[in-house]
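The values are calculated or read from the model by the stated rules, or taken from the named source; none is laboratory data. No experiment lies behind these values; they were computed from the predicted model shown. With ideal geometry, Cβ positions are generated from the backbone for all residues, glycine too; neighbour counts draw on all protein chains shown.
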């Protein structure tokens with residue numbers, strides 16, 4: 001018989017399920033050949049790159065895109081030309097149903113000692129004006145909700161990248177070992193783009209956001225079913241041993257390692273979550289301040305989320321995101337009926353957010369907690385149809401409070417109509433770089449090797465906005 005010659009590629013292919021696989025698994029598990037060392041607890045607290053101003057983040061996500069010219073960026077020219085044809089060049093918008101210039105339906109007032117102008121949409125938040133750093137020059141690369149949401153949450157316009165909450169917990173771990181490090185308090189609406197907005201992407205699954213629903217038991221399947229803790233502990237130990245035996249055979253497997261951590265965390269959450277959600281421990285005055293007794297359902301829903309957010313900060317949870325309550329119509333996404341829609345959304349969030357800021361401040365927690373408010377883009381200064389506003393990524397507003405930012409100030413500016421950022425224009429990567437900086441993280445050093453290069457939240461962009469820092 002003629003001799004059969006085997007190429008190196010064929011040999012590796014044929015040996016892939018035999019000794020070759022065993023050898024490869026051993027090499028892949030060895031840090032000397034590029035494997036990342038596996039910490040005993042991936043969420044254990046880690047040292048920052050430099051002294052941090054903030055220890056936790058609360059991200060108040062305003063789903064849909066609030067109008068900057070109706071909230072924190074007053075434009076007298078809009079009022080003067082209300083109803084007239086729009087006099088600037090109009091960029092392509094999401095729906096192109098372009099109407100006339102649309103003035104703001106609410107009066108602005110210069111508030112507190114700083115004189116920060118805030119719309120009548122937020123009568124409660126006006127009392128906190130001196131704590132707000134209002135950034136009026138944010139921009140986005142996307143005018144459609146899903147891609148803009150991915151960009152806001154992950155620094156990339158397509159799904160599959162780690163969210164900023166995942167990056168923060170990857171870099172710093174958590175000071176709380178009985179609750180997830182990254183918690184999403186779902187007040188009713190999951191944003192377009194879905195759970196990928198809170199995902200871990202190519203980071204280990206242990207860093208993804210954990211969704212907490214409203215109610216006394218916000219997480220499914222953590223109720224204790226066994227008659228005693230000892231029996232459950234033995235079952236968990238058995239599962240862990242079986243999983244470890246599989247890991248010993250296959251080498252590191254994120255799915256299995258994360259499952260082991262999740263079992264252990266769920267075991268500890270059985271007592272931690274009911275205590276967290278027991279808001280009866282709060283004084284009646286505190287509950288009323290947040291709006292837990294409000295007649296409007298949206299206010300009650302967001303009040304619970306804001307109060308729970310403060311309790312999570314107290315327990316050392318690193319990153320907390322709040323979604324908007326449902327039942328108020330179409331988010332902040334008013335393509336028609338702007339006045340009615342924005343008023344419904346504002347009444348849901350105004351009182352709870354103001355209470356959160358005051359409560360954090362009174363407890364000495366605001367200085368170490370970075371609070372961020374904003375949506376994925378803003379809205380046009382001209383009407384969509386007769387009484388709505390279209391999407392506007394060219395210049396919009398976010399604000400921050402606490403955590404090392406200056407209060408009672410504005411940064412950046414849009415043009416006379418509030419259409420385009422024209423002064424100190426910022427991109428999403430700049431916001432992310434600044435947030436990480438306040439947490440003691442150099443955004444250029446927080447990387448993970450994936451796809452052949454070192455990946456980071458800010459990609460190859462971003463700078464820290466030092467003018468707004470204390």
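Structural remarks
Every residue, every condition in (1) within 19 Å of residue 150 (Cα to Cα); (2) in contact with a helix residue (DSSP H, G or I) (Cβ under 8 Å, 6 or more places away or on another chain), yes or no:
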{"site": "431", "(1), (2)": "yes, no"}
{"site": "443", "(1), (2)": "yes, yes"}
{"site": "449", "(1), (2)": "no, no"}
{"site": "453", "(1), (2)": "no, no"}
{"site": "459", "(1), (2)": "yes, yes"}
{"site": "465", "(1), (2)": "no, yes"}
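- When the test is whether a residue is free of Cβ contacts under 8 Å to residues at least 60 places away in the same chain and buried (at least 21 other Cβ atoms within 10 Å of the Cβ), residue 294 does not pass it.
- All conditions but one from (1) touching a strand residue (DSSP E or B) at 6+ places or on another chain (Cβ under 8 Å); (2) in contact (Cβ under 8 Å) with a residue 12 or more places away in the chain apply to residue 443; the one that does not is (1).
- Residues in segment 128-149 that are in contact with a strand residue (DSSP E or B) (Cβ under 7 Å, 6 or more places away or on another chain) and either buried (at least 21 other Cβ atoms within 10 Å of the Cβ) or more than 17 Å from residue 71 (Cα to Cα) (or both): 129, 131, 132, 133, 134, 135, 136, 137, 138, 143.
- Residue within segment 316-327 that is out of contact with any strand residue (DSSP E or B) (no Cβ under 7 Å at 6 or more places or on another chain), part of a helix (DSSP H, G or I) and surrounded by fewer than 24 Cβ atoms within 10 Å (Cβ to Cβ) present: no
- Condition broken by residue 343, with the remaining ones in (1) in contact (Cβ under 8 Å) with a residue 60 or more places away in the chain; (2) in contact with a strand residue (DSSP E or B) (Cβ under 8 Å, 6 or more places away or on another chain) satisfied: (2)
- Filtered residues of segment 168-191 (kept if closer than 25 Å to residue 433 by Cβ and either surrounded by fewer than 19 Cβ atoms within 10 Å (Cβ to Cβ) or not assigned by TED's automatic domain parsing to the domain that holds residue 300 (or both)): 175
- Answer from 364, 418, 403 - the residue that is in contact with a strand residue (DSSP E or B) (Cβ under 7 Å, 6 or more places away or on another chain) and in a loop (DSSP other than H, G, I, E, B): 403
- Residue 294 meets the stated requirement of being over 22 Å from the mean Cα position of the chain (by Cα), modelled with pLDDT of 95 or more and at negative phi.
- Number of residues in segment 90-125 that are within 30 Å of residue 470 (Cα to Cα), surrounded by 14 or more Cβ atoms within 10 Å (Cβ to Cβ) and touching a residue at least 24 places away in the same chain (Cβ under 8 Å): the value is 12.
- Taken residue by residue, segment 76-89 has no member that is part of a loop (DSSP other than H, G, I, E, B), touching a residue at least 60 places away in the same chain (Cβ under 8 Å) and within 22 Å of residue 340 (Cα to Cα).
- Test: residue 271 is crowded, with 16+ Cβ neighbours inside 10 Å, part of a helix (DSSP H, G or I) and in contact (Cβ under 8 Å) with a residue 40 or more places away in the chain: no
- Residue satisfying condition, being at pLDDT 75 or above, surrounded by 10 or more Cβ atoms within 10 Å (Cβ to Cβ) and part of a helix (DSSP H, G or I), within set 244, 232: 244
- Test: residue in segment 150-167 that is part of a helix (DSSP H, G or I) and either surrounded by fewer than 24 Cβ atoms within 10 Å (Cβ to Cβ) or free of Cβ contacts under 8 Å to residues at least 40 places away in the same chain (or both): yes
- Residue check for residue 158: at pLDDT 95 or above and within 11 Å of the chain's Cα centre (by Cα): no
- Under the condition of being closer than 17 Å to residue 201 by Cβ and either at pLDDT 95 or above or not in a loop (DSSP other than H, G, I, E, B) (or both), the residues counted in segment 435-459 number 14.
- Search result, residues across segment 414-468 that are surrounded by 22 or more Cβ atoms within 10 Å (Cβ to Cβ) and more than 21 Å from the chain's Cα centre (by Cα): 414, 418, 419, 421
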